[in-house]
Amino acid sequence: MSKTRLAPYFHPTQIVLVDDDIDFLGNLSLQLEADLPYLLFDSTEKALAYINDRDDESPSRQRFFRLEDEQEGRRHVTLDTDALAREMHFTNRFSRISIAMIDYAMPRMNGLEFCRRIRDPHIKKILFTGVATETEAVEGFNDGVIDRYIRKSEHNVYEHLNRTIRELQHAHILETFKTAIDVFDIEMPPLLGDEAIAELLGTLRSRYEFVEYYMVFNPTGFLLIDGDGELYRLVIVDELEQQALVDQAAALGAPAECVRLLRSGENLLDPAFMSRAQNVTSDAYRHWKSHMRVAECINGARNYRWAVFESDPGEHGMSRPRSTFNRYLEWLDTMGYSLM
């Protein structure tokens with residue numbers, strides 16, 4: 001099993017909530033955090049049909065990998081960064097279902113039976129239980145039928161639910177991705193196996209309010225996207241890649257002070273600016289100071305330096321996604337319930 005702790009991309013995914021008590025569903029919708037995308041169903045049959053009819057829309061996990069030839073006729077599989085970049089332009093990425101949450105005591109079909117009938121094994125399942133059904137919930141959890149069970153009567157139940165949903169959204173994408181890794185048996189970038197990097201992304205999420213991220217290279221890091229489609233470039237480099245950036249700047253004729261700051265390891269230069277400098281014939285580094293950022297340290301499995309840049313996305317060779325998460329949430333508010 002892969003030791004990958006972090007998928008190379010993340011975007012919000014849809015949650016299906018099922019309960020025959022319409023008043024409870026209405027109250028539940030008020031308790032969920034505003035940026036969680038969900039659909040409400042008061043019928044197990046309609047909810048199950050909605051989930052299982054979308055099997056064919058699930059993209060192939062193989063799309064993130066490519067086969068490359070090596071010397072002596074050998075071939076190996078690598079992570080396809082172009083495929084990762086394309087992911088943020090799929091208009092239906094937010095509507096992919098990651099979680100189903102259902103009350104246990106449902107007419108015609110109880111919650112455990114509902115979960116057993118979900119065909120996609122990667123969809124995470126939460127069972128909402130009362131005291132009388134807790135034994136069944138524990139058995140369902142131990143048998144792998146559900147991933148979590150939450151007692152309706154517990155203290156701070158909605159805080160627990162919101163936290164669980166976010167955990168399972170990430171777990172859904174990571175598990176789906178790791179399934180493909182294990183099949184292909186490829187070596188992943190070290191950053192994805194480092195818990196410190198996962199914690200950094202969690203910290204930056206609240207600071208920059210991004211809802212999506214996609215791994216990029218040259219230099220290594222992530223493209224961060226907020227709900228309106230604004231892009232940030234997170235650069236994370238170890239000592240070797242930091243030295244490569246110093247050498248690149250020196251080779252492109254960067255001023256001595258610029259090279260000195262980069263060599264100290266205490267600063268990073270916007271990679272888009274450096275890329276643009278390669279195509280400028282004169283005074284490419286005239287405004288280099290405005291593109292320099294203080295590099296912060298992070299000590300994980302390796303020692304890294306990181307900084308976030310707010311450059312024009314066109315400079316990174318990428319365009320803003322046309323379908324943004326906030327627009328998707330607006331669509332759910334106005335049209336989504338008609339699917340019920």
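See the values below:
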item	result
Any pair with Cβ under 7 angstrom, 6 or more apart, that starts in the stretch 251-276 at a residue that is of a type in the set (D, E, K, R) and ends at one that is open to solvent by less than 60 Å² (accessible area, probe 1.4 Å)	Arg263/Val246; Glu266/Ala295; Asp270/His291; Asp270/Phe309; Asp270/Ser311
Matching residues in the stretch 202-247 - criterion: being of a type in the set (A, V, I, L, M) and farther than 16 Å from Met88 by Cβ	Leu204, Val235, Ile236, Val237, Leu240, Ala244, Leu245, Val246
Some residue of the stretch 210-219 being without any contact (Cβ under 8 Å) to a residue 24 or more places away in the chain and polar (S, T, N, Q)	no
Subset of the stretch 94-110 [β-branched (Val, Ile, Thr) and closer than 13 Å to Arg54 by Cβ]	Ile97
Only one of Glu175, Glu187 that is in a loop (DSSP other than H, G, I, E, B), within 30 Å of Tyr214 (Cβ to Cβ) and out of contact with any helix residue (DSSP H, G or I) (no Cβ under 8 Å at 6 or more places or on another chain)	Glu187
Qualifying residue in the stretch 35-42 (condition: over 25 Å from the mean Cα position of the chain (by Cα), under 19 Å from Tyr104 (Cα atoms) and part of a strand (DSSP E or B))	yes
Matching option when the condition is part of a loop (DSSP other than H, G, I, E, B) and either open to solvent by 10 Å² or more (accessible area, probe 1.4 Å) or at pLDDT 90 or above (or both), among Phe94, Phe114, Phe90	Phe90
Residue among Leu192, Leu168 that is farther than 18 Å from Phe64 by Cβ and either at pLDDT below 90 or within 13 Å of the chain's Cα centre (by Cα) (or both)	Leu168
Flag for Leu223 being modelled with pLDDT of 90 or more, crowded, with 19+ Cβ neighbours inside 10 Å and farther than 23 Å from Ala85 by Cα	no
Test: residue in the stretch 175-187 that is within 21 Å of the chain's Cα centre (by Cα), within 24 Å of Ala47 (Cβ to Cβ) and either modelled with pLDDT of 95 or more or open to solvent by less than 80 Å² (accessible area, probe 1.4 Å) (or both)	yes
Flag for Val157 being open to solvent by 10 Å² or more (accessible area, probe 1.4 Å) and farther than 25 Å from Thr81 by Cβ	yes
Among the residues listed as Glu57, Glu45, the single one being at pLDDT 90 or above and open to solvent by 20 Å² or more (accessible area, probe 1.4 Å)	Glu45
Selection from the stretch 301-340 of residues that are at pLDDT below 75, in a helix (DSSP H, G or I) and open to solvent by less than 60 Å² (accessible area, probe 1.4 Å)	Pro313, Gly314, His316, Gly336
Filtered residue count, the stretch 123-150, keeping only those that are at pLDDT 90 or above, more than 18 Å from Val16 (Cβ to Cβ) and touching a Ser or Thr at 6+ places or on another chain (Cβ under 7 Å)	1
Restricting the stretch 246-262 to residues that are open to solvent by less than 20 Å² (accessible area, probe 1.4 Å) and at pLDDT 90 or above, the residue that is nearest to Asn218 (Cα to Cα)	Val246
Count of the stretch 25-42 residues which are crowded, with 16+ Cβ neighbours inside 10 Å and out of contact with any strand residue (DSSP E or B) (no Cβ under 7 Å at 6 or more places or on another chain)	1
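The values are calculated or read from the model by the stated rules, or taken from the named source; none is laboratory data. Note that the structure is predicted; figures quoted are calculated from it, not measured. Virtual Cβ from ideal backbone geometry, glycine too; neighbours counted across all protein chains shown. Side chains are part of the model used for accessible areas, which takes the heavy atoms of the whole protein and leaves out ligands, DNA and RNA. Shrake-Rupley method; radii C 1.70, N 1.55, O 1.52, S 1.80 Å.
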